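Any read-out appearing in this document is the output of simple, stated calculations on the displayed coordinates, not a laboratory observation. For clarity, every value in this text was computed on a predicted model and none was experimentally measured. We place every Cβ from the backbone using ideal geometry, glycine too, and count neighbours over all the protein chains shown.
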Amino acid sequence: MSDEINIQFTRFSAFYSPLIATIAGGFLRDEGLTPRHSIAPLGKSAIEGVAAGTVHVCQSAPSQGFGPLEKGQTPPAVHFAQINEMDGFFLTGRAPDPGFAWDKLEGKRVLVDHGGQPLAMFKYACHKRGLDFAAIQAVNVPSDQMDAAFRRGEGDYIHQQGPAPQQLEHDRVGHVVASVGQAIGPLAFSSLAAGSCAPIARRARGCWPPPPPRLRRRRPRSSRRSTPPC
C-alpha cells in the first residue's frame, strides 16, 4: 500500500534535475509514496497550489515570500529543502564574445525574465558587476514567448534559464556569454516548499493540506541519499 504525494513544479526544466531524479528514480516509491507531479499553469506559482490545498509539496523559490513580507504578512509556505544553490540563468548574445563584460549591456536591449526570483537575481548580478540595471533597456516579454522573440531578432541579449540558452547556441541562433550564477555566487535559488503549518515543514498539526501519513512519521531515506543540490 502506498500514499500519494502531489508535487508541483513552478517551472519544469533540466535545471531541477535533483527533484526530477527523486521522482523518476523511484526514491519516493521506496518510501511507500506514489508521486504525482504537475506543472503550475502559466502565470501562476506552485505556491498557490499549496495554499489551495491541491499540492503537498512544490518547487518554488524564496522570492515567493518577498511580497507577503513587504506587506508585513507571513508567507504562505515554508521552504524546507534546497534543490539548487546557484542561479541557473545565462545571458545569450548574438555573437561569440569570449571577453564579455557586464558593462557591455549598457544601452542594449535585453530580454529579461521578469519572474520574481529571476529578475531579483539579474538585478543583483548587475549590481555585483558594477552595472546600473536602469542603464540597460530591459525588455519584458512573457517567459513562454521570450525564446521565440529572440529567434525572430528581438533584442541584443536574452536572459534565460538553462537549458534554453544552450539550445539557442546549438541551433546557431545565439552564443552564451555569461552565467548569472557565476556573477553572483552560491545562494538559495530554488527549493521545496510546503504549507507553513505542514508537518513536513516541521510544524505540528492542524493545517491544510495534510501530507501523506508516511511523511508525518519520519524523514524519508530518499532525502538523505539523493544527489546533492546543483
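Compute the relative contact order of region 89-184 as a whole-number percentage, counting only Cα pairs closer than 8 Å that sit 6 or more residues apart in sequence.
51
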Just to verify a number: FRET efficiency for ALA95 and GLN182, C-beta to C-beta distance, R0 = 35 Å, to 0.05?
0.95
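When a/c is below 1.5 the answer is rounded, else prolate if a/b is larger than b/c, else oblate, so apply that to region 1-49 with a ≥ b ≥ c taken from the square roots of the Cα gyration tensor eigenvalues.
Working: a/c = 3.71, a/b = 1.56, b/c = 2.38.
Because a/c hits 1.5 or more and a/b fails to exceed b/c, region 1-49 counts as oblate.
Once you have the Cα-Cα distance between LEU69 and ARG151, take 0.36 nm times their residue separation minus that, and quote the gain in nm to one decimal. Please list the in-between numbers first.
Numbers: separation 82, 0.36 × 82 = 29.52 nm, distance 3.78 nm.
Stretched out fully, the LEU69 to ARG151 stretch lengthens by 25.7 nm.
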Exposure proxy check on THR22, THR34: fewest-to-most Cβ neighbours within 10 Å is THR34, THR22
For region 73-135, just say rounded, prolate or oblate: build the C-alpha gyration tensor, square-root its eigenvalues into a ≥ b ≥ c, call rounded for a/c under 1.5, and beyond that prolate if a/b exceeds b/c, oblate if not.
prolate
I want to make sure I understand the PRE zone here: with the label point 7 angstrom from the Cα of GLU4 toward its beta carbon, which residues in region 14-55 have backbone N atoms less than 13 Å away?
34-38, 54-55
Rounded, prolate or oblate: which fits region 89-184, taking a ≥ b ≥ c as square roots of the Cα gyration tensor eigenvalues, rounded meaning a/c under 1.5, else prolate when a/b beats b/c?
rounded
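Roughly what % of Cα-Cα distances in region 1-115 sit above 25 Å, to the whole percent?
Working: 2556 of 6555 pairs.
For region 1-115, the fraction of Cα-Cα distances above 25 Å is 39 percent.
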Under a plain spin-label model, where a point goes 7 Å from the Cα along Cα-to-Cβ, how far apart in nm are ASN140 and THR34?
4.4
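Rounded to the nearest 0.05, what FRET efficiency do GLN82 and VAL173 have when you use their Cβ-Cβ distance and R0 = 30 Å? Provide the component values of the computation, followed by the final result.
Values: r = 33 Å, r/R0 = 1.08.
The pair GLN82/VAL173 has a calculated efficiency of 0.40.
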